[in-house]
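One structure is given here, and the rest of the page talks about it.
Just so it is clear, none of the values below were taken in a lab; they were calculated from the coordinates. Just so we're clear, the structure is a prediction, and the values are computed from it rather than from any experiment. Every residue, glycine among them, receives a Cβ derived from its backbone with ideal geometry; neighbour counts consider all protein chains shown.
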């Protein structure tokens with residue numbers, strides 16, 4: 001059942017449409033001008049076609065050169081170092097076979113890089129992480145620029161990979177696009193136990209051997225990491241935005257159901273080309289309603305803070321202007337329906353077993369919080385409140401469960417964990433940032449304490465190891481924004497600050513950097529802008545300044561005389577503080593041209609001149 005649309009959801013959608021009127025119209029004109037009148041390869045010369053088909057099997061070659069089958073381009077993020085992407089090794093063959101079943105050809109159009117934030121956390125390579133999103137978008141564009149495809153399948157799961165693939169899919173918005181995930185690994189060591197060992201290690205109470213054992217038992221097989229970080233938030237986002245088949249997000253890899261969903265995605269891609277009767281170009285399908293649905297899904301599940309960067313960047317690729325105020329307003333009317341680690345002990349497999357995406361979508365539709373008339377690759381979003389199952393070996397969809405299987409993990413809209421969503425916009429004399437509060441106890445959401453200023457997470461850890469942080473304080477970690485060093489995640493600070501909070505200290509984190517979907521129980525203000533490298537207020541904070549972080553009221557203020565604070569010179573930004581290496585110097589162009597965090601920290605300029 002679809003309830004009457006919530007008036008706030010309706011109003012925010014209308015405002016996005018109004019402020020985006022010019023860029024969206026130009027975008028729609030661009031993709032409609034590219035709509036093919038026949039198969040895309042008909043534009044190619046004989047020499048072009050010969051090159052396209054030269055490496056194909058005989059049946060594909062015959063169809064490309066002379067017959068009438070559509071061609072599906074595959075963009076893959078496969079590599080066998082990432083557990084989440086290793087299953088994609090076998091997907092192209094499965095997709096080729098499925099395409100033949102419906103008289104279509106499938107070809108790998110290109111591969112994109114896929115780095116693992118879990119491997120690079122706290123390491124120098126993490127400085128490339130955020131910008132890898134934009135490299136992935138460009139690499140996807142290179143693959144699709146052969147301009148010979150009638151639809152596209154995008155194989156990706158993890159943090160920056162899916163947003164990069166979506167940006168590219170929207171810039172090739174005349175093509176129908178379907179996203180094909182791989183699923184989460186089976187559950188391993190429980191999340192509370194993993195956190196306990198991490199904090200014991202941070203305190204020096206267990207050694208590296210115990211820590212490695214716990215980590216290896218947590219991340220133990222092929223598939224996405226099972227906590228609700230950016231990777232699994234991506235899968236939720238793709239489903240509520242309609243870029244997945246219903247229920248594709250969370251079946252495990254290597255199962256018959258997962259293979260059946262991949263075959264079904266291939267069949268569907270062949271059915272929605274411009275040559276068929278149900279043409280679904282991605283750029284027209286994804287509109288303001290889709291983006292609002294994505295934000296609502298993020299709030300209802302307490303998803304990754306990284307999507308406060310990615311959703312504005314994705315929206316801009318479709319000519320849509322989304323602001324952090326839109327996030328805050330939607331969060332205010334969206335109940336928190338899921339508790340998945342770090343917001344609770346359960347992992348994403350528990351969420352899926354309790355009813356998963358079908359139950360979540362059914363509840364949000366019934367509460368009037370989703371645009372049920374927004375389009376997805378399988379039909380309107382109102383039809384996504386169903387789950388896939390195998391019946392006698394055949395893939396079918398059945399209605400979402402009427403009740404949650406575990407109220408400690410997933411709840412109905414009438415009985416939420418919280419009346420509001422998991423993300424807050426913070427504004428005040430220190431600028432504008434976001435705070436993930438879904439994992440923070442209400443008693444910890446207000447902190448007023450002296451600042452201790454750091455310019456790296458390593459410096460904060462060193463101060464902790466030296467015993468200098470056993471007190472109330474606000475950690476200000478600056479020069480961590482996109483223009484400074486690429487905005488690496490500061491996930492490594494969570495255990496340290498968690499230990500201090502557990503000791504009874506009032507602690508908080510204020511930074512122009514990121515904390516990711518693994519942001520834990522510490523109150524924080526992240527993505528703070530303007531960032532320190534651009535002379536933002538955070539660059540003027542001194543040790544001992546009293547800072548007030550009030551996540552409930554949405555305020556972040558420095559309690560210093562305004563005239564004195566304004567007169568201070570910003571701390572000097574030294575763009576070459578660290579040594580070159582690991583390719584970081586190759587990304588100077590990105591750092592010099594990146595937009596603010598509030599607009600997606602993007603080097604692309606899809607919406608016209610920046611303010």
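Summary table below
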item	result
Residue-averaged 222 nm ellipticity for the chain, from DSSP H runs of 4+ at -39500 (n - 2.57), nearest 500	-10500 deg cm²/dmol
Using alpha-carbon coordinates, inclination of helix 356-366 to the longest axis of the chain, degrees	90
Prolate/oblate/rounded label for the stretch 240-319 (Cα gyration tensor, a/c 1.5)	oblate
Footprinting exposure proxy for 512, 406 (fewest neighbouring C-beta atoms within 10 Å first)	406, 512
Angle in degrees between helix 493-502 and the longest Cα principal axis of the chain, rounded to the nearest 10	50
Pairwise Cα inverse-distance average, inverted: Kirkwood Rh of the stretch 262-419 (Å)	16.8
Cα centroid separation - the stretch 230-245 against the stretch 436-452, whole Å	29
Equivalent-ellipsoid semi-axes of the stretch 406-528, from the Cα gyration tensor, Å, largest first	26, 17, 13
Burial ordering of 585, 420, fewest other beta-carbon atoms within 10 Å first	585, 420
Pair-distance profile P(r), taking every C-alpha pair of the stretch 467-611, with 10 angstrom steps and integer %	10, 36, 36, 16, 2
Between the stretch 479-536 and the stretch 542-595, the Cα center-to-center distance that results, in Å	11
Whether the stretch 135-259 is rounded, prolate or oblate, judged on the alpha carbon gyration tensor where a/c under 1.5 counts as rounded	prolate
Degrees, to the nearest 10: 21-33 long Cα axis against longest axis of the chain	30
The stretch 166-216-the stretch 251-293 distance, computed between alpha-carbon centres (Å)	26
Tensor-based shape of the chain (alpha-carbon gyration tensor, a/c under 1.5 rounded, otherwise prolate or oblate)	prolate
Percent antiparallel among DSSP beta bridges (both partners in the stretch 423-598, rounded to 5)	55
Order of 279, 341 - criterion: other Cβ atoms within 10 Å of each residue's Cβ, fewest first	279, 341
